[in-house]
Amino acid sequence: MNYKILVVCLAVFLMVLSPTAGGIIYEGQASQKREEVPFDKEELEEITVELYITSTGEKVCMDIEEYVVGVMMAEVPYNYDTEALKAMAVAIRSYALRRVSRNEKSPVHLAAHLCDDYSHCMGYISFADAENRWGKERTDVYYKTLEDAVNETEGEILRYGDCIADTVFHVSSGGFTESAQNVWGVEVPYLVSVPTPDKLPVSRRIFSSAEFCELLLDSVGTIELSGDASEWIEKIEKDDKGRVSRIIIGGKAISGRRLREIFDIDSTCFEVTCEDGNIIFDTVGKGHGVGMSMAGADAFAKSGKDYRKILEHYYPETELTLFRENT
Ligand SMILES: [Zn+2]
């Protein structure tokens, strides 16, 4: 007999732990109290981005504006509304300059501020690589569109007080974004949960009971799973945004974040059902859910909000400013 276990996500949903879009708080930072460092305009005047290219192991240096276009090529759909593209350009520029100005380097690439791995820092595609991938004609269109958004916001960053804001972003939420406190355990005044108008894409992952069992055993060690698979999941707890905070499987409590990692599902906002011996995860949204939702920014832009309003919404209490005078 089929038996369904339902996690009913409310009309609001939130995202995952592990970042899938750029703008990531380095792992080490999550448990630490963050030290804010005021930025120095003079120092930033001649600033150069050091980028580690993961495929070749090279380090390349470039101006921030060129870097932002390359990140846009990798991370942002070129057919988004112009105001959403401009909001993304400011977020990417701010995120990168914060790292560069603080001289923050991940242990993964100590020689460079940032790498081109979207799952670690932010994705980056050079114009030449884009041409190889999409051909000259399409690349010209993509590049020109994204470059326009970068040029129209040249030099603009978000600041919080005297510091450059940590403008993390993600692919999509569904109803509400997530706070940095909930996801990384770090309280950041402008990375709080706000409503977002994203559409709600649902992705599905199906595991046979044997696969489900094996993945769990590999990750959490001993766990009591026997008998009917429909009875393995005993309890599901959700937070006030509808995200799974804890689940009890075979007598063991596992956090929603951990479960999301184990089964590589897009979000901690999921329904889990058991049908014909298969365990099925249906999830909403994609990414860690903190900061700006790219899909939400596009929806706001299409409804008439300009990029300033979009940034104000996703990063409340921050201020748009120029990090250097434009030439
Ligand atoms: Zn990196």
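In table form, for the structure just shown:
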quantity: Rel. contact order, % - alpha carbon contacts under 8 angstrom, at least six apart, the chain; calculated: 30 percent
quantity: Cα point-scatterer Debye curve for the range 70-194, base-10 log of I(q)/I(0) at q = 0.12, 0.17, 0.19 Å⁻¹; calculated: -0.51, -1.01, -1.22
quantity: Percent breakdown of C-alpha pair distances by 5 Å bin, ordered from the shortest bin, for the range 134-202; calculated: 3, 12, 14, 14, 17, 18, 12, 7, 3, 0
quantity: For Thr196, distant residues with modelled amide H under 5 Å away; calculated: Gly175, Phe176, Thr177
quantity: Computed over the chain, Cα set: Rg, Dmax in Å; calculated: 20.8, 71
quantity: Residue of Met72, Met88, Met62 that the Gaussian network model of the chain assigns the largest fluctuation, springs spanning Cα pairs under 10 Å; calculated: Met62
quantity: The chain: most fluctuating residue of Glu104, Glu43, Glu312 per GNM, C-alpha cutoff 10 Å; calculated: Glu43
quantity: Rounded percent of accessible protein surface that carbon and sulfur make up, the chain, 1.4 Å probe; calculated: 47 percent
quantity: Long-range HN-HN contacts of Ile249 with modeled amide H, under 5 Å; calculated: Glu234, Ile254
quantity: Average Cα contact separation per residue, the range 202-284, under 8 Å, 6 or more apart, as relative contact order %; calculated: 36 percent
quantity: Mean separation of Cα contacts under 8 Å (6+ apart) over length of the range 39-122, as relative contact order %; calculated: 37 percent
quantity: Radius of gyration and maximum dimension Dmax of the range 202-284, Cα, Å; calculated: 11.7, 33
quantity: Three principal axis lengths of the range 48-117 [C-alpha, angstrom, descending]; calculated: 36, 26, 19
quantity: Orientation-averaged projected area, Cα convex hull of the range 189-327 (nm²); calculated: 11.5 nm²
quantity: The chain: calculated mean residue ellipticity at 222 nm from DSSP helix runs of at least 4, using -39500 (n - 2.57); calculated: -9500 deg cm²/dmol
quantity: Residues of the chain: accessible area per residue with a 1.4 Å probe, Å²; calculated: 45 Å²
quantity: Computed magnitude of the charge dipole of the chain (debye, nearest 20; Cβ of K, R +1, Cβ of D, E -1); calculated: 780 debye
quantity: Span-like helix ranges in the chain, DSSP H, alpha carbon extent 18 angstrom or more, Kyte mean at least -0.5; calculated: 82-101
quantity: D (Stokes-Einstein, µm²/s), Kirkwood Cα radius, the range 79-138, 0.692 mPa s at 37 °C; calculated: 245 µm²/s
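The values are calculated or read from the model by the stated rules, or taken from the named source; none is laboratory data. The structure displayed is predicted, hence computed values, not measured ones. Using ideal geometry, Cβ is built from the backbone for each residue, glycine included, and neighbour counts are taken over all protein chains shown. Note: accessible area is taken over every heavy atom of the protein model, side chains too, but ligands, DNA and RNA are not part of it. Shrake-Rupley method; radii C 1.70, N 1.55, O 1.52, S 1.80 Å.
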